[in-house]
Amino acid sequence: MRTTVLDCPVDVLTLDETINAAVRAMREHTPIQHVALNVAKLVSARSNPELDRDVRQAELIGIDGAGIALALKLFGHGNVPRVAGIDLFESLMSVCTASGFRPYLLGATQEILVEARKRIEARHPGLVLAGMHNGYFKGREKEIVEQIKAANPDCLFLAMPTPMKERFMATYRAELEVPFVMGIGGTLDVTAGFVDRAPLRWQKLGLEWLYRLIQEPRRMWKRYLVTNSIFAGLLVAELSRRTVGRSKPRNFSPPRSPLTHGTADQTNRR
């Protein structure tokens, strides 16, 4: 089900529903682009028209961040499932192994990419990667596109930062013709063991961002502290607007009496 949060479109889907959409795209060769929406991306898109456009054109906009899920609940959407990008990626690796789909990994450093591939293949024996390339190819985008096309993958995962991955997907998805394309940000950093994922308890409390901030304060402080503060302000403003809208008195017309019927009618027609 597609809805909006602070004027940004988002799809309220479970993990299984998202996996099913990806599998259907790969089996039927009907291209689908998945964007994982979190607080940082939503806030950035509000001041970046190009990113906003790139996000809106995706067929699937998943609820990746706990802040997005919280906002939807506050706006009356009930129980909102959060589908973390790293969980979706890992699930799709299992699906690719079982169904013979061939993924392509694009992004991260060469060191991280090599280690991530080693660990992915160890966890999923029988998985065949269509190929991989690190994220350092500025000025050689066309060359990379040709390499991906020649590899003919069933799915493409972009381990690059926002808005780079969204721009790459929007620019080349039609030319690539890969059935399922998804941005995974720093997922391979975690997969390769270079960054620890938050313990389950932190995940359930929606505090993965804080755990990441503690690990990489210099790199992540602006993304989390600044964007979270802006998001909180937007959330409060929207909740206040809705509260005022609900409490505003409706226009009230007193009942007409036979003595004032003609006068009231004339007044309403002016």
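No value in this document is a laboratory result; all are computed from the given coordinates. Predicted, not measured: the structure shown is a model, and the values here were computed from it. Ideal geometry is used to build each Cβ from the backbone, glycine not excepted, and the neighbour counts take in all protein chains shown.
The lysine pair count for the chain, using Cα distances under 24 Å and pairs eight or more places apart or on different chains, is 15.
Remark: the chain carries a charge dipole of roughly 1220 debye about the Cα centre, counting +1 on each Lys and Arg Cβ and -1 on each Asp and Glu Cβ.
Rounded to the nearest 10 degrees, the angle from helix 227-247 to the longest Cα principal axis of the chain is 30 degrees.
Think of it as helices only: each DSSP H run of n ≥ 4 in the chain is worth -39500 (n - 2.57), and spread over all residues that comes to -16000 deg cm²/dmol at 222 nm.
With a Förster radius of 25 Å applied to the C-beta separation of E175 and N48, the computed FRET efficiency comes to 0.60.
Count the net charge of all other residues whose Cβ sits under 12 Å from the Cβ of E177, scoring Lys and Arg as +1 and Asp and Glu as -1. Here the charged neighbours net out to 0.
Among the listed values (1) 37; (2) 15; (3) 29, the one computed from these coordinates for percent of Cα pairs over 33 Å apart is (3).
Taking the C-alpha atoms only, the angle from helix 15-28 to the longest principal axis of the chain is near 60 degrees. For segment 208-218, the Karplus equation 6.51 cos²θ - 1.76 cosθ + 1.60, evaluated at θ = phi - 60°, returns couplings of 4, 4, 5, 5, 5, 5, 5, 6, 10, x, 5 Hz by residue, with Gly and Pro reported as x. Shape verdict for segment 1-53, please, from the Cα gyration tensor: rounded (a/c under 1.5), prolate (a/b greater than b/c) or oblate. Here segment 1-53 falls in the prolate category. Structure remark: mean-square fluctuation, Gaussian network model of the chain, C-alpha springs under 10 Å; the largest value among G131, G67, G107 belongs to G131.
Close amide H partners of V35, meaning residues 5 or more places away or on another chain with modelled amide H under 5 Å apart, are L60, I61, G62. Rounded to the nearest 10 degrees, the angle from helix 164-176 to the longest Cα principal axis of the chain is 70 degrees.
If R0 is 22 Å, the Cβ-Cβ spacing of E146 and R56 corresponds to a FRET efficiency of close to 0.20. Using DSSP, restrict attention to beta bridges with both residues in the chain and report what percent are antiparallel, rounded to the nearest 5. Roughly 15 percent of the DSSP beta bridges within the chain come out antiparallel.
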